[in-house]
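Take a look at the structure below.
The values are calculated or read from the model by the stated rules, or taken from the named source; none is laboratory data. All figures in this text were calculated on a predicted structure; none of them were measured in a lab. With ideal geometry, Cβ positions are generated from the backbone for all residues, glycine too; neighbour counts draw on all protein chains shown.
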Amino acid sequence: MRIIDRYVIREVLLPFVIGLLVFTFMLIIPYLIESAENFIAKGVPTTVVLQIMATLLPQALGLTIPMSLLLGLLVAFGRLSGDREFVALQACGVSLMRLLRPVVFLSLVAWAATSYVLLEAVPNANQTFREITYNIVASRAEGEVRPRVFFDDFPNVVLYVRDIPPTGGWNDVFMSDIREGRTPAVYLARHGRVLLDRDARTVEMALENGSSHSADPNGKYIVQSFDRMLLSLNPESVFPRTGPAKGSREMSIPELRTRAAELEGQGIYPHTELFEIQKKFSIPFACLVFGLIGLGLGASNRRDGKLASFVVGIVVIFSYYVLLWLGQSLVRGHIIPPWLAAWMPNIVLGAMGGLLFMWRDRAADQPVRIQVPLRLRRAAGFGASFLTVRLPALRIPGPGLLDRYVASTYTRIVGLSAIAMAAIFYIATFLDLSDKVFRGQATWTMLGSYMWYATPQYIYYILPLAVLLGTLVTIGLLTKNSELVVMKACGISLYRVALPMVAGALVAGATLFALEESVLGPANRRAEAIRHVIRGGSPQTFDVLTRRWVTGSMGRIYHYDYFDPKTLQLSGLSIYEFADRMEALTRRTFADRAVYTGGAARDGLDAWRLERGWKREFTPTGDTRVYEPFTETTLAIEPAAYFATDRPDERFMSYRQLRGYIERLRTGGLDVSEQQVALARKISFPFVTLVMTLIAVPFAVTTGRHGAMYGVGVGIVLAIAYWVAISIFAALGTGGLVAPALAAWAPNLLFGAGAGYLLLTVRT
């Protein structure tokens, strides 16, 4: 290789690696927050958690390698253009065609890496991930039960526990058993757990110190006390007969061909298998297409075209995957063959890239323009025949020119980072769930609704990282261009320069808190409900009209067949009341219908009219003390609005809602460590934007001379360390090893102390 080849490759490699880290990390964040923290809290060994994370990398790399290549090319050639080095290359006779040589080399390396990932690593890693999680679920089935949340994964069995101690098992257990061939019964126990025998493939529920309530065929009510009882459950809910089956993405090419031959033998057209085979070759080839487009978009004589080219590059990536999955839809409709569907994005974008390259080779000093039809131009009021794709200069009013300049650069970089990372989330979601649409399990409307409701959570993940990158890159650019030196020479300290970025961090933190207190919880609940349905679950699981099991504020458990929010009526209502512990009932009430009559009764309860039912009170030994049938009576239970709201779950609550929920649980004498950690984190997490900004400023000053991409690399390392600290301390707080407030604030305290030290020692 000649000097120019090595120079271009070196310029591309750094942003490529940084982009690979950013994009891959963004795809793993949801797992790190939702799953890894839960595994750590439940005692899963750290090595197993790391192994699970490692198995997720190939699936992400198959998506992020081509994207990172395009990003690296755009950033590298954008810098060459911005620093006028591309002009110098042209003046020395180096044409765009000559620069194609190192680009082709990098594209071939990325093609080879992506091919290995999709052909070898992804099938093995996906299957390994399924096997590991299968073993975890099989060996820790009781760990899937969450305290004070009704668990219905066992067929025709509903389980509710008040507390889960760190040593394992459950405390205060309530179980409803309505399996066929058995007498419907309700079981109460002080302790319980699941007993698994993997070799014999048996699953048993062990209950201790409790009682059972049932009725014989003649209608006689029977109460039995027990010291220990074993109930056999359906082993298929824990041990699938064939273990974790391979999907099309877990199959190698020989396995896909074998499966396709089997389907053809059954008279079924194997469109999915044939498409997957072609996709394993077409996606790696996209590296070559992206290389051509990256060179065409990035290389320019203009200093202001790199940001616009970067935005267009994100659009190119999204367009590629939309075309890919649009092709799969056409294959399912037998409109085009599988090979054409898989290669259609490469054909379309490759042709566009070739035309762009030839046009740029002739007019390297022209901005990227998109032709606007005459009719649209007249309707929109455009006077020119072209629409220039260029990021406009952002003008933010402020107290001074310096603040406006820094804030403009900072806001532009934060916005660009947020757009890029949001695109990654949307692409990953599209890739993950679109297959369900093509199989007929969901509709495009459902997928679009899921993306809409998931957007607040995406913003919640993206905003802290975007603020961190914005600060690092802004200070890095000011340092690299010697602007910070000029500011210091004029008597302006680093602290004063960073003031607009600190203000931006405070605004971002306030935005995070506002999201938590307003739309985040309801949107997440709705998104999870839609995702559950897309993946084949029943919509009734998340429907407040038919959720059927509810816990009351006084420790009661309500069961009903249907709730009508218009007439405020409950059908088939059963009420279970307990003493301090749940091993015995004190009262059980049944009504064929309950009608809300209004009017506060006592302790926040409202009056209801119960029709056609009975009341039964029990002694501490389980004997019936009072049995009273009724045609109509009045009872004070929860307000009607209580049955029309979603079930309590700290993941979907605002700060005030969760605080009230904790008070109700604490009044019942329950362990609320996990909820207290979640409550404290709702306050501590928004401060991450300020902490990351304060720690980014001194880091950026020291790395600024090396370029903005070094700052981005530092930012990714800091972000990874922060998210890992959040998960570890949250798990420690949930397990009772650390005070809940300390578990929530520890990451901010640690990184804040580091930021304070660096700010006090850096040259200002």
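Say we look at the stretch 92-119 and pick out the residues that are free of Cβ contacts under 8 Å to residues at least 12 places away in the same chain and more than 24 Å from GLY354 (Cα to Cα); which of these is surrounded by the fewest Cβ atoms within 10 Å (Cβ to Cβ)?
Among residues in the stretch 92-119 that are free of Cβ contacts under 8 Å to residues at least 12 places away in the same chain and more than 24 Å from GLY354 (Cα to Cα), the one surrounded by the fewest Cβ atoms within 10 Å (Cβ to Cβ) is CYS92.
Closer than 30 Å to GLU483 by Cβ, modelled with pLDDT under 60, surrounded by 13 or more Cβ atoms within 10 Å (Cβ to Cβ) and of a type in the set (A, V, I, L, M): is that true of VAL389 in this structure? In short, yes.
Pairing residues of the stretch 731-759 that are in a helix (DSSP H, G or I) with residues that are basic (Lys, Arg) and at pLDDT below 85, at Cβ distances under 7 Å and at least 6 apart in sequence or on separate chains, gives ALA744/ARG681. All told, VAL701 meets the bar of being over 30 Å from ARG556 (Cα atoms), in contact with a Lys or Arg (Cβ under 8 Å, 6 or more places away or on another chain), at pLDDT below 80 and part of a helix (DSSP H, G or I).
Among the residues of the stretch 75-129, count how many are within 40 Å of the chain's Cα centre (by Cα) and not in a helix (DSSP H, G or I).
Residues meeting the conditions: 1.
The single condition among (1) surrounded by fewer than 19 Cβ atoms within 10 Å (Cβ to Cβ); (2) on the phi < 0 side of the Ramachandran plot that LEU433 does not satisfy is (1). For LEU188, the conditions (1) hydrophobic (A, V, I, L, M, F, W, C); (2) modelled with pLDDT under 75; (3) crowded, with 20+ Cβ neighbours inside 10 Å are fulfilled apart from (2). The residue that is farthest from VAL697 (Cα to Cα), counting only those in the stretch 452-507 that are among the hydroxyl-bearing types (Ser, Thr, Tyr) and under 23 Å from the mean Cα position of the chain (by Cα), is TYR453.
Filtering the stretch 524-563 to residues that are basic (Lys, Arg), at pLDDT 60 or above and touching a helix residue (DSSP H, G or I) at 6+ places or on another chain (Cβ under 9 Å) leaves ARG525, ARG526, ARG531, ARG535, ARG548. Figure legend. Inter-residue proximity from the stretch 480-504: first residues assigned to a loop (DSSP other than H, G, I, E, B), second residues of a type in the set (Val, Ile, Thr), beta-carbon distance below 7 Å, spacing 6+ or different chains. Indicated pairs: SER493/THR764.
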